[in-house]
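The values are calculated or read from the model by the stated rules, or taken from the named source; none is laboratory data. Because the structure is predicted, anything quoted here is derived from the model rather than measured. Heads up, the Cβs are rebuilt from the backbone with ideal geometry, glycines too, and the neighbour counts pull from every protein chain shown.
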Amino acid sequence: MTGTGTALGAPAVRREGRRKVTGGARYAAEHPLADRVHARPVPATVARGRVTAVDTAAALALPGVLAVLTHENAPRLAEPDDPTLAVLQDPGVPHRGWYVALAVARTPEEARAAAAAVRVEYAVEEHDVTLTADHPEAYEPETANAGYPARREYGDPDGAFASAPVRVDVTYRVPPLHNHPMEPHASTARWEGDRLLVHTSSQGGTAVRATLAALFGLPEDRITVDTAHVGGGFGSKGTPRPDVVLAVMAARETGRPVTVALPRRHLPAVVGHRAPTLHRLRLAAGADGRLTGLTHEIVTHSSRVKEFVEQAAVPARVMYAAPSSRTLHRVVRLDVPTPSWMRAPGECPGMYALESAVDELATALGTDPVELRVLNEPEREPDSGKPFSSRHLTECLREGARRFGWDRRDPRPRSRAEGPLLVGTGVAAATYPVLVRPSTAEARALPDGTFVVRVNATDIGTGARTVLAQVAADTLGVPLERVRTEIGDSDLPPASLAGGSSGTASWGWAVHDACTRLTGRLGGLTGRLPDEGISARADTAGRADADSPYARHAFGAHFAEVTVDSVTGEVRVRRMLGVFAAGRILNARTARSQFIGGMTMGLGMALTEGSTMDPAFGDFTESDLASYHVPAHADVPAVEAHWIDEDDTRLNPMGSKGIGEIGNVGSAAAIGNAVHHATGVRFRELPLTPDKVLAGLSGPAPAPTSGRDG
Amino acid sequence: MSSEPTPEHRSDTVLTVNGKPHTLRLDHRRVLLDVLREDLGLTGTKKGCDHGQCGACTVLVDGRRVNGCLLLAVSLDGCDVITVEGLTDGGDGLHPLQQAFLDRDAFQCGYCTPGQICSAVGVLAEAGAGHPSHVTDPAAPSGRPVPLDEAEIRERLSGNLCRCGAYPHIVEAVRDVI
């Protein structure tokens with residue numbers, strides 16, 4: 001860094017905080033516009049088939065109804081890159097919940113009544129929504145999500161397994177999961193002449209603009225996308241979703257500003273979900289605990305609409321030293337809603353399975369699970385052979401163990417009880433890759449001594465306004481309060497999305513470079529600045545996305561203490577503690593909130609969150625917040641996040657790694673491992689709800705799936 | 001579009017919101033949440049589920065916390081409603097809970113925050129009035145204020161979901177104002 005180094009890392013208070021606690025922050029459906037109307041989509045009620053007739057007469061006869069759009073009358077779109085956005089373009093129904101009509105009316109109540117009055121007839125076809133490990137249509141794709149090769153293999157993992165003195169061969173299942181940000185997806189669109197203005201709840205407004213330009217055949221400079229405040233996303237708003245396309249269509253058809261605010265119960269079918277993953281892990285180890293083979297194979301589902309493959313076997317390519325390995329993804333295309341990104345796609349379910357299996361290996365060996373992980377630390381990234389830019393997993397494990405009081409643990413399962421409560425503790429590791437994308441930014445110096453940084457970053461709750469001001473202040477060498485940031489508007493310099501834990505690194509790099517250039521320009525000037533100030537721009541294309549000779553990942557360690565009620569089967573978390581090594585932490589205050597938030601989502605994944613694809617109806621059974629239980633206050637006890645500051649110069653000018661997702665990686669495994677320690681029973685299917693736990697506690701001992709030969 | 005709604009589907013309703021009386025001719029289907037957001041422009045009250053499952057729409061009606069999405073507005077004729085916009089003192093001053101939420105970084109995306117804060121205002125009043133919760137010691141004397149320890153706060157705020165997982169900081173914020 002070129003600056004004073006005083007602003008970065010400081011626990012600066014979020015700049016939009018006051019607006020959020022007073023109700024003044026406006027989200028996508030909340031912009032006061034004269035004549036604005038409301039649109040409500042109509043979801044398909046069959047799992048597979050096509051629309052044969054739509055009767056809109058009854059809907060159109062209702063008070064306040066302006067239009068009903070269907071595939072027969074909706075504006076034609078150019079073919080989208082993302083086929084989930086081709087809404088109302090043809091009669092096909094690829095899954096239940098796919099939108100088949102849109103009712104537009106003056107008020108939300110009138111739109112809701114109109115949507116309910118639309119009569120749709122279907123030609124129904126047989127559907128299949130059931131994922132099984134041996135599904136005959138399972139295939140090996142070329143790549144999994146994010147472009148990872150579907151298969152990687154080195155050495156002789158099968159031979160290593162066959163000859164290993166200690167083996168673990170286990171299967172795990174992670175069910176479908178839903179993002180459920182608190183703000184349901186919403187968009188407001190209005191046309192002003194040939195200009196299109198959109199307020200949308202998205203993790204990246206620059207991509208929304210590009211998508212709308214392509215779909216509606218408009219130059220990008222005639223579209224403005226506002227994403228000033230976004231009520232969470234967790235991946236489900238990473239790219240445009242149907243709400244924004246429908247809002248623009250309806251605004252064009254009616255000539256009025258239109259808001260499409262998706263009902264909560266629609267979300268599971270139309271905004272993406274974490275696909276279920278069926279895992280098989282085979283760990284082969286010597287009697288000394290060193291891995292000789294590591295095989296992680298997963299089967300997952302995608303929709304008929306597009307191929308999305310949860311890259312759950314990818315973290316096994318990063319974590320442990322093993323001379324032989326196979327990591328493999330297979331996918332089945334079913335008549336299900338299209339899966340997509342959910343916080344730490346791949347790493348989150350993959351590390352649940354891997355870190356649970358490592359715990360099983362520790363049990364089989366009679367080794368402490370912290371020590372087993374330390375023993376198998378690799379010198380280089382196992383799959384690529386690249387050196388790590390920095391890797392402090394051992395330090396995270398040691399520091400976490402110290403803070404948690406791990407040394408006081410009796411390692412014997414079911415060794416601690418308090419009345420009917422069985423008490424246990426568990427540990428798991430975490431990893432998440434360093435992702436960074438090209439962005440542009442502008443920095444301007446004004447005559448009053450203040451600075452403005454402009455970049456189309458999106459604040460989905462991370463505090464982007466604040467941390468980017470910190471980056472700028474640090475680079476410029478000025479006090480933080482003299483820097484203002486403008487974000488969340490596509491008229492600003494284009495930037496990448498808030499996703500893949502890449503936002504701050506990507507935007508911050510561009511901000512840093514713009515500020516560095518501005519400093520250079522100001523150095524050559526004397527006298528008062530012109531009224532409009534002096535500005536400098538930067539574009540990190542070609543540098544931010546350049547290949548690195550280093551393997552770059554964040555790491556972490558989770559510790560959890562649980563109680564398991566031997567009468568009811570209820571698992572409660574008493575405390576969670578995470579230690580992370582994620583480069584330089586740029587804002588101690590907002591970073592802590594992100595880590596804790598990720599850990600909390602992991603708690604939900606472990607204990608309460610699970611969706612079921614109903615085989616008869618082809619629908620997610622748990623489609624609302626009453627049936628899909630995200631953690632509530634009472635579920636979340638003391639959650640502590642700590643970090644080890646890393647000095648890694650091979651990342652970006654700030655030296656930061658992403659922090660948005662790693663808290664969610666491994667936390668469910670730590671809880672599951674604690675449940676095993678408490679009960680002596682290994683549960684291998686999430687979530688660990690009382691029905692499963694009680695059956696496991698009262699049933700016969702589970703069949704041994706791991707153990708020492710001979 | 002067809003004709004206007006028939007008059008029998010609308011009723012005049014008087015609501016006092018943040019101290020200001022409003023006479024509104026309301027669609028009988030309209031819930032308090034949509035009156036606040038659509039008729040009065042008070043969008044600080046959030047719509048997270050519209051089904052009483054998330055608490056983002058929590059406001060105070062006659063001093064008690066309610067889910068605004070579950071109450072038909074015409075049934076509230078004559079009621080006094082306080083929203084997050086009405087918690088400030090009218091000037092720059094924040095309600096102590098609003099300040100505590102800022103101080104503790106008790107939110108991220110901010111969408112559940114107005115509901116959390118309004119709910120916490122209700123919690124303080126309920127505990128002060130001696131209302132027990134699921135975790136209150138059954139042997140505690142009735143009618144006396146219930147001390148709000150962490151377990152009480154968590155239990156009483158469990159109707160307000162936060163997907164960003166700000167719960168530990170929210171509990172700290174509420175404790176700050178006790």
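Of note:
- Every test in (1) in the same structural domain as B:Ala166 (by TED's automatic domain parsing); (2) surrounded by fewer than 19 Cβ atoms within 10 Å (Cβ to Cβ) is passed by B:Ala127 save one, and that test is (2).
- Pairing each residue of region A:413-434 that is within 20 Å of A:Val314 (Cα to Cα) with any residue that is of a type in the set (Lys, Arg) and part of a loop (DSSP other than H, G, I, E, B), provided the two are 6+ apart or on different chains, yields C-beta distances under 7 Å for A:Val434/A:Lys657.
The rows are residues; the columns are (1) among the polar types (S, T, N, Q); (2) outside any loop (DSSP other than H, G, I, E, B); (3) touching a helix residue (DSSP H, G or I) at 6+ places or on another chain (Cβ under 9 Å).
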{"position": "A:Val248", "(1), (2), (3)": "no, yes, yes"}
{"position": "A:Pro268", "(1), (2), (3)": "no, yes, no"}
{"position": "A:Thr292", "(1), (2), (3)": "yes, yes, yes"}
{"position": "A:Thr295", "(1), (2), (3)": "yes, yes, yes"}
{"position": "A:Ile298", "(1), (2), (3)": "no, yes, yes"}
{"position": "A:Ser302", "(1), (2), (3)": "yes, yes, no"}
{"position": "A:Val331", "(1), (2), (3)": "no, yes, no"}
{"position": "A:Met351", "(1), (2), (3)": "no, yes, yes"}
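- The set of residues in region A:221-257 being within 14 Å of another protein chain (Cβ to nearest Cβ) and among the β-branched types (Val, Ile, Thr) consists of A:Thr227, A:Val230, A:Thr254.
- Selection from region A:452-465 of residues that are surrounded by fewer than 23 Cβ atoms within 10 Å (Cβ to Cβ) and either within 14 Å of another protein chain (Cβ to nearest Cβ) or farther than 22 Å from A:Thr590 by Cα (or both): A:Arg465
- Breaking point among (1) aliphatic (A, V, I, L, M); (2) within 14 Å of another protein chain (Cβ to nearest Cβ); (3) within 18 Å of A:Glu253 (Cβ to Cβ); (4) touching a residue at least 24 places away in the same chain (Cβ under 8 Å), for A:Val54: (2)
- Of all residues in region A:612-623, those that are among the aliphatic types (A, V, I, L, M) and at pLDDT below 95 total 0.
- Residue in region A:590-608 that is surrounded by fewer than 23 Cβ atoms within 10 Å (Cβ to Cβ), over 30 Å from A:Val511 (Cβ atoms) and more than 14 Å from chain B (Cβ to nearest Cβ) present: no
- Only one entry of B:Asp62, B:Asp89 meets the criterion of being more than 11 Å from chain A (Cβ to nearest Cβ), more than 13 Å from the chain's Cα centre (by Cα) and free of Cβ contacts under 8 Å to residues at least 40 places away in the same chain, and that entry is B:Asp89.
- Enumeration of residues in region B:13-58 that are away from chain A (no Cβ under 13 Å), touching a residue at least 60 places away in the same chain (Cβ under 8 Å) and either closer than 30 Å to B:Gly165 by Cα or surrounded by fewer than 18 Cβ atoms within 10 Å (Cβ to Cβ) (or both): B:Val14, B:Thr16, B:Gly19
- Matching residues, region A:625-634, being buried (at least 20 other Cβ atoms within 10 Å of the Cβ) and either in a loop (DSSP other than H, G, I, E, B) or more than 7 Å from chain B (Cβ to nearest Cβ) (or both): A:Leu625, A:Tyr628, A:Val630, A:Pro631, A:Ala632
- The residue list A:Leu102, A:Leu85 contains one member that is out of contact with any strand residue (DSSP E or B) (no Cβ under 8 Å at 6 or more places or on another chain), among the hydrophobic types (A, V, I, L, M, F, W, C) and surrounded by 20 or more Cβ atoms within 10 Å (Cβ to Cβ), which is A:Leu85.
- Residue within region A:481-504 that is in contact (Cβ under 8 Å) with a residue 40 or more places away in the chain, crowded, with 21+ Cβ neighbours inside 10 Å and assigned to a helix (DSSP H, G or I) present: yes
- The set of residues in region A:4-55 being aliphatic (A, V, I, L, M), closer than 29 Å to A:Gly618 by Cβ and assigned to a strand (DSSP E or B) consists of A:Ala39, A:Val42, A:Val51, A:Ala53, A:Val54.
- Test: residue in region B:156-178 that is modelled with pLDDT under 95 and away from every other protein chain (no Cβ under 14 Å): yes
- For A:Asn587, the conditions (1) more than 10 Å from chain B (Cβ to nearest Cβ); (2) more than 19 Å from the chain's Cα centre (by Cα); (3) not aliphatic (A, V, I, L, M) are fulfilled apart from (1).
- Residues located in region A:624-665, provided they are at pLDDT below 95 and closer than 13 Å to A:Ala554 by Cβ: A:Asp645
- For region B:92-118, a residue qualifies if it is facing chain A (nearest Cβ under 7 Å) and touching an Asp or Glu at 6+ places or on another chain (Cβ under 8 Å), and the qualifying residues are B:Cys109, B:Gly110, B:Tyr111.
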